[in-house]
Structures are given as C-alpha cells and as structure tokens.
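Undergrad: Questions regarding the structure given below will be posed in turn.
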Amino acid sequence: MSEKIVVPVLGESITEATVAKWLKKEGDHVEADEPIVELETDKVNLEVPSPIDGVLSEIVSKDGSTVEVGALLGSISQNGSAPSPKQPQVKKEPEIKKENNVVNLETPKKKEVKVEKQKEEDAPLRLTKEVKEPKSPKNLNNSNQVLSPAVRKMVEEKNIDLSRVRGSGKDGRVLKGDLISLMGANPPPSERKAQFGEEERIKMSRLRLTIAKRLKQAQENAALLTTFNEVDMTGIMEMRKENQEDFQSRYGIKLGFMSFFVKACVAALKTFPAVNAEIDGEEIIYKNYYNISFAVGTDKGLVVPVLRNADELSFADIEKNIKVISEKARDGKLTIEDLQGGTFTISNGGVYGSMLSTPILNLPQSGVLGMHNIVERPVVVDGEIKIRPIMYLALSYDHRIIDGKESVSFLKMVKENLEDPRRLFLDI
C-alpha cells in the first residue's frame, strides 16, 4: 500500500511553489506528520509532512522544480517499511559466508596490524611538528633585536608581520624602505574569485523574486515622497534605564525601542487616518484597525510580518509578540497569515548601522516609517549646545492620498510622542 505526497493548498492567491529541498531520501523511513520536503512560495517556506508511517519509495519532483497546488511530489510505501533498514546489512553477509571462519580469524589480525602502524606513524609526526614550530619565533627575535626605533614604531602602529618582510640591510636587517615596499605590495586575489571564478550565476529564490517584483511595483504604482525629521532619544533611553529591571521582572521580557515606536505610530495614525488608508481603484479605504507590519531581515531575504491590533496591546504585549514573530521569521516558520493584513509599516535600518534612508512602500499600504541608528550629536537645548542621542526618522508615503501637510504633521506627532514618552501610557 502506498500513499501519494501532493502539494497542499498554499494560501490565498498562491497557486504554485518551488521544491526547496527534500528532507528525506528515497528509501528513508518516515513517520506520520514528519516533515519530508520543504516548499518555497512567494511569501513563506513551508514543510510538507508525511501522510503515513512508511518508507519514502519515490521522489517525483526534484529539488528546484516548480509545482502547482495538487501536483505529485512523491509517494510513501507502507509495505517497504520493513526491508529498507536491512539493505545496508545484506552487503556484509556474503563476505562472512564466503570467507567463513578462517578468514574471520585472519581479518582481526590484519586490522590490529593496521592500527599499530598508524600509532607508530603518528608519534614521529607529532615530534616533527614540535621541532619545526620554534623556528619561526627565533627568526622574529633576531629581526627584533636589530630593528631601529623608527622601524619598530612603524611595525607596532601598522601591526606588520615581520615574517613576511625580507630585510635588505646588513645581515638581513629590516629597513624602513622594506616596510614601505611591503605596504605597496599587491594583495592576493579574493577567495571567492579563486573558488567560483570571476562571476557566479545563481537562480534567484522565489522569495527574492517576489521582493524585487513588489518593490518595483511600489515605485511604478505609487506617487512616492519622503519627509524627514530627527528625534532626541534621551527621554526614551532614560525611561528604559529606570524601568527596565521592574518591567523585565513583571513581564519576563526586556523593554525595547520598538514598543515606543509602535505606540507613537498608532497614536499618530488615529489622528491622521489617511496614512493608515489604501487606494482601491477610484476609492480610498480607511482602516479603523491598526495592524503594524515590521521588517525582519533573514538569511533568505526581507520579510514583513504583521503585529495585529497593535492599538489594543500593552507595551509588554507588543514586545512579546514582536519577539515571537521575529523568531518565527528567522527560523522560516512564518505562515501566510503572519504576513497579511498590515496597514502601516515600520522598518528599522538602524540595527544595521544606517544613518538615513528612504524606505519603499509595502503595497497596498500608503505609509512606511524608517528608523535609523542613534548617534550622539551636538544640539541646541534652551540656548545651550549639548550632546544628545539623536535618531533620524524618514516617512515615505503615497502622495496620491496623503498631502504634504498630513505627512509632515504625522511625523512631527511621532517625534513629539517619542521625545516625551510620558504621553504614551506605560503600564508597569
């Protein structure tokens, strides 16, 4: 009896996928509900489980194949579950039968002789290495003894390896000119070039293709414009420092920056509903719920999961949900539902060191906030120059439904809420 493995329903508007990799090989034992093949869709990766206990008897769709919903991936055989593990043992049986007892007595002797030889060979190798290793430090010591003060200073400042320098002075003395020549030497070719050649041609993953397609659509289908502002993060940093221990002991999670930004954005979205809206044909759809999408970088590309009903969540709930969703994204366990339904996006490029950028819309949304790194900068406070932790903010928006006054006012309100976090109710 055999059971077919087929491509399951992948989600709304998704009709095909790519076979990313088989987790099992033909002939492997599998258990019911054990993942056996990984599929890559436009949005997420998902694992297809085995329908029954048995043996993976056939793989129809190989790695890299494009398959549609309902297509045959392979089959599981229940009858083949018993003989499969015995197959590797069959090769050993004829050797025993042919060689009988006489050979069995001789075989261990041969193996013992080989082991003894290996042990005898290992010993001199270790001794040889011990003899050779001290040679290089002696050469370095000799070079150090004849270095002039100027050369010694250059070696220390530039961290130069003297073993690579051939001295041109008397008795092999290293001169200043030798070090300058070393600095002008051409570096070796890159390791990737040596390993893969001058160019590499790799097929784009389905997720990367989708990212490229959606970003290009955003540029072509929306009237993109970006407005900027800066935020003094002193208030938030002090509040986090003062309340971190109490917050973590009560809720079991650290108080981060994202909860402040989510709360600040939700407050501004309620005041400026056009930023939380989208265009559908000749109509504007105003969303009276606040699902905040946030960008997460993974090994396979950028994904934007959704924090649902963020206006109804406490600071602790926001931090917990963001942590859970981010871990799912990095582990490749996001579902289609985790990526759908967002109304506004927050992208934090600051974690990678970005000072300033112009984020691109996450269609069909009309606004995206870009966070950046925090840098101490001189600012004027009450007529005095002071050093404050400053973050630049960027709001990209669809100018078709959001006017300049609304966008600037929205970003200004976000700034004010962040600079005076007491406006955002912190339930600790």
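Undergrad: State whether the residues of segment 205-220 include one that is hydrophobic (A, V, I, L, M, F, W, C), open to solvent by 60 Å² or more (accessible area, probe 1.4 Å) and part of a helix (DSSP H, G or I).
TA: yes
Undergrad: Which one of G404, G383, G353 is open to solvent by 10 Å² or more (accessible area, probe 1.4 Å), out of contact with any helix residue (DSSP H, G or I) (no Cβ under 7 Å at 6 or more places or on another chain) and more than 28 Å from E238 (Cα to Cα)?
TA: Numbers: G383 fails: more than 28 Å from E238 (Cα to Cα); G353 fails: more than 28 Å from E238 (Cα to Cα).
Just a single option satisfies the conditions, and that option is G404.
Undergrad: For segment 295-314, what are the residues that are part of a strand (DSSP E or B) and at pLDDT below 90?
TA: The first filter runs over segment 295-314 and keeps only residues part of a strand (DSSP E or B), leaving 296-298, 301-303, 306-307.
Within segment 295-314, V296, G297, T298, G301, L302, V303 qualify.
Undergrad: Here is a further query. Under the condition of being open to solvent by 30 Å² or more (accessible area, probe 1.4 Å) and not polar (S, T, N, Q), which residue from segment 303-312 is nearest to R400 (Cα to Cα)? Working first, answer last.
TA: Of the residues in segment 303-312, the ones open to solvent by 30 Å² or more (accessible area, probe 1.4 Å) are 304, 308-309, 311-312.
Within this subset, residues satisfying the condition of being not polar (S, T, N, Q) are 304, 308, 311-312.
Details: V304: 23, R308: 26, D311: 26, E312: 29 Å.
If we take residues in segment 303-312 being open to solvent by 30 Å² or more (accessible area, probe 1.4 Å) and not polar (S, T, N, Q), then V304 is nearest to R400 (Cα to Cα).
Undergrad: Looking only at segment 8-22, decide whether some residue is part of a strand (DSSP E or B), without any contact (Cβ under 8 Å) to a residue 40 or more places away in the chain and over 21 Å from T298 (Cα atoms).
TA: Quick first cut of segment 8-22, residues part of a strand (DSSP E or B) only: 16-22.
Filter once more, keeping what is without any contact (Cβ under 8 Å) to a residue 40 or more places away in the chain: none.
No - not one qualifying residue is present in segment 8-22.
Undergrad: Output yes when any residue across segment 302-312 is β-branched (V, I, T) and more than 17 Å from the chain's Cα centre (by Cα), and no when none is. It would help to see each step written out before you state the result.
TA: At the first step, the residues of segment 302-312 found to be β-branched (V, I, T) are 303-304, 306.
Filter once more, keeping what is more than 17 Å from the chain's Cα centre (by Cα): 306.
Within segment 302-312, one or more residues are β-branched (V, I, T) and more than 17 Å from the chain's Cα centre (by Cα).
Undergrad: On the given criteria, is D317 open to solvent by 30 Å² or more (accessible area, probe 1.4 Å), within 24 Å of E238 (Cβ to Cβ), part of a helix (DSSP H, G or I) and not β-branched (V, I, T)?
TA: The answer is yes for D317.
Undergrad: Also, quick follow-up: When only residues in segment 135-187 that are part of a loop (DSSP other than H, G, I, E, B) and of a type in the set (K, R) count, which is modelled with the highest pLDDT?
TA: Across segment 135-187, the extreme among qualifying residues is R173.
Undergrad: Quick one: is V266 without any contact (Cβ under 8 Å) to a residue 60 or more places away in the chain, surrounded by 13 or more Cβ atoms within 10 Å (Cβ to Cβ) and either outside any helix (DSSP H, G or I) or out of contact with any Lys or Arg (no Cβ under 6 Å at 6 or more places or on another chain) (or both)?
TA: Yes.
Results for (1) of a type outside the set (V, I, T); (2) in contact with a Ser or Thr (Cβ under 8 Å, 6 or more places away or on another chain), shown as yes or no for each residue.
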residue: I374; (1), (2): no, no
residue: V379; (1), (2): no, no
residue: D382; (1), (2): yes, no
residue: R388; (1), (2): yes, yes
residue: M391; (1), (2): yes, no
residue: K405; (1), (2): yes, no
residue: K412; (1), (2): yes, no
residue: D420; (1), (2): yes, no
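Undergrad: For E47, are the conditions met, namely being under 21 Å from I211 (Cβ atoms), among the acidic types (D, E) and either open to solvent by 10 Å² or more (accessible area, probe 1.4 Å) or in a strand (DSSP E or B) (or both)?
TA: No.
Undergrad: So which residues in segment 3-44 are of a type in the set (G, A, S) and open to solvent by less than 80 Å² (accessible area, probe 1.4 Å), if there are any at all?
TA: G11, A17, A20, G27, A32
Undergrad: Could you check, for segment 71-88, whether at least one of its residues is part of a loop (DSSP other than H, G, I, E, B) and at pLDDT 85 or above?
TA: Checked segment 71-88: at least one residue is part of a loop (DSSP other than H, G, I, E, B) and at pLDDT 85 or above.
Undergrad: Against the definition (more than 26 Å from the chain's Cα centre (by Cα) and open to solvent by less than 30 Å² (accessible area, probe 1.4 Å)), how does G70 come out, yes or no?
TA: no
This table checks each residue for (1) part of a loop (DSSP other than H, G, I, E, B); (2) at pLDDT below 95.
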| site | (1), (2) |
| --- | --- |
| L334 | yes, yes |
| D338 | no, yes |
| G342 | yes, yes |
| G350 | no, yes |
| I360 | yes, yes |
| P364 | yes, yes |
| L369 | no, no |
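Undergrad: Does I322 count as in contact (Cβ under 8 Å) with a residue 60 or more places away in the chain and among the hydrophobic types (A, V, I, L, M, F, W, C)?
TA: On the way: in contact (Cβ under 8 Å) with a residue 60 or more places away in the chain: yes; among the hydrophobic types (A, V, I, L, M, F, W, C): yes.
Yes; evaluated as a whole, the condition is true for this residue.
Undergrad: What about A329, is it among the small types (G, A, S), part of a helix (DSSP H, G or I) and either free of Cβ contacts under 8 Å to residues at least 40 places away in the same chain or open to solvent by 70 Å² or more (accessible area, probe 1.4 Å) (or both)?
TA: When the stated conditions are applied, A329 passes them.
Undergrad: Of the residues M233, M237, which is more than 18 Å from D398 (Cα to Cα), touching a strand residue (DSSP E or B) at 6+ places or on another chain (Cβ under 7 Å) and open to solvent by less than 20 Å² (accessible area, probe 1.4 Å)?
TA: None of the other options fit; the residue is M233.
Undergrad: Taking segment 292-302 as the search range and keeping residues that are touching a Gly at 6+ places or on another chain (Cβ under 8 Å) and of a type in the set (V, I, T), which one is least open to solvent (accessible area, probe 1.4 Å)? Even if it seems obvious, please write down each step before you answer.
TA: Within segment 292-302, the subset touching a Gly at 6+ places or on another chain (Cβ under 8 Å) is 292-293, 298, 300.
With of a type in the set (V, I, T) added as a condition, the list becomes 292, 298.
Details: I292: 2, T298: 35 Å².
Here the answer is I292.
Undergrad: Could you tell me how many of the residues in segment 373-419 are outside any helix (DSSP H, G or I), within 16 Å of T271 (Cβ to Cβ) and not aliphatic (A, V, I, L, M)?
TA: Adding up the residues that qualify gives 2.
The values are calculated or read from the model by the stated rules, or taken from the named source; none is laboratory data. The structure displayed is predicted, hence computed values, not measured ones. Cβ atoms come from the backbone with ideal geometry, glycine included; neighbour counts cover every protein chain shown. Only protein heavy atoms, including side chains, enter the accessible area calculation; ligands, DNA and RNA are left aside. Shrake-Rupley method; radii C 1.70, N 1.55, O 1.52, S 1.80 Å.
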